[in-house]
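Worksheet: the structure to be examined is printed underneath.
Computed from the coordinates by the stated procedures, all read-outs in this text should not be read as laboratory data. Source: prediction; values computed, not measured. Because the Cβ atoms are built from the backbone with ideal geometry, glycine has one as well, and the counts that use them run over all protein chains shown.
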Amino acid sequence: MDEPAEIGRRVQRLRKERGLTQRQLAQPSYTPAYVSTLESGKVRPSEAALRFFAQRLETSFEELTTGRPAHLATELRLALTDAQHELATGAADEAAVRYRRLLTDAEHLALVPEQAEALLGLGDCALETGELDTARRHFEAAEQLLADQPLPRRARAIRGRALAHLIAGELRYACYLLESTIDELTAGNLADPEALVMLYAAAIGPYIDMGAHGRASHAADLALALAPQVRDPALVAGMHRQVARTFLAEGRSADADTSLAKAQAVYRQLRMRTDLAHCHWMRGYIHAQNGDLAPAEAELRTARDMLTAKRASLYAAQVEVELADVLRRLGRLEEAAGLATALLELDDRHGAVHAAGAHRLLGLVAEDRGDTESAEEQYVQALALLERSGASGDLADLCRLLGDLLRRNGRTEAALDAYRTGLGHRAAPGTTTLGPPPAPPLRHL
């Protein structure tokens, strides 16, 4: 909102353009003296007063208080819903082009909520394409813009930051961000279903990698239980977008904004396909841990297909680590090795834990084939990746596998060293980030 003097000049100009006296403008709710004081910039009018005068002057509240024609802001919001639709149903890189243009427009118009929405969209695009530093910067910028908003409004930015840290292998800090936000939401009676589904689903990955399987299963159950409260057909969103276009063409900006708000809510919900895919992945993991390999394969393929349809290639690759392990246990070694080899094309900086998982799997396949030299080489490469990630549970398991391999080959001292290393990384069941919060990870220069 502009300063009182600027608003006053604008009221005076519009009043004269419409041929109204101060008395005519004031009636029936205000006095001519109040209009005079307002036009001179000596009073800061209330929102109710400004809405009254905007109606009398046949303009919008937004145009009266900011000088921006209302249709410009509405057109920008409509374009943002189009970008949301593209990201929800299409390719992230194509949506990012649109979001960057809209961010520039929002900055030019000084529309803070729209700037934040564009930054969140850019962050989501960067996450799906694996540009983690870029994603983190976008989410941090959005969170700063929304600093004075309620926590549910900031949940998407926090979740995005946490996922960027998670994929980069910074598990403990990612888990801390998610847990502390969930705690604050529930403690402050801000239990927004959409925010909680996002946060619970995002917590599954770090819980598993840190060995907290019980917490991961519980988070998946909570997310799936809340999901029906936030799902809505994409057809409804498309209808709201078209209705908004009709209203805008008729000059009915307020009605267009109402339709756009409904469409945006649906597209935010459609983005949860990625979160729900993580829940299917969690179920597949639990089935695999229990030895139920057929349902494990089905759940993991469902998760992988959902993510592939979204062109979320990085997330899909993470699920394929678990799928490949299930295929190996089913005796389908060639298929498992093919998946794992493809996964190694991932940049280690964008998925150290999952690249390590691929090396571990190739080691297991090599052992099944009797190639102990290749198995050892794969295990050592996996250890090198995991040692910088903090994935304690995976490290301990890998050290056990390497130790067992060395012991069977008669290399007792080397096996003991591997076992000792594994014991040093062993995590207590169920532990996550309880205790003092971890320091933020150092930025890569």
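Couple of notes before you dig in:
- Gyration tensor (alpha-carbon) shape descriptor, segment 4-66, a/c threshold 1.5: rounded
- Spread of Cα-to-Cα distances over 10 Å intervals beginning at zero, given as percent, for segment 70-212: 12, 40, 35, 12, 1, 0
- Two-site FRET efficiency, ASP148 against LEU423, from Cβ-Cβ distance with R₀ of 56 Å, rounded to 0.05: 0.70
- Note, ³J(HN,Hα) from phi for segment 355-367, Karplus 6.51, -1.76, 1.60, rounded to Hz, x at Gly and Pro: 5, 4, x, 5, 4, 4, 5, 5, x, 5, 4, 4, 4
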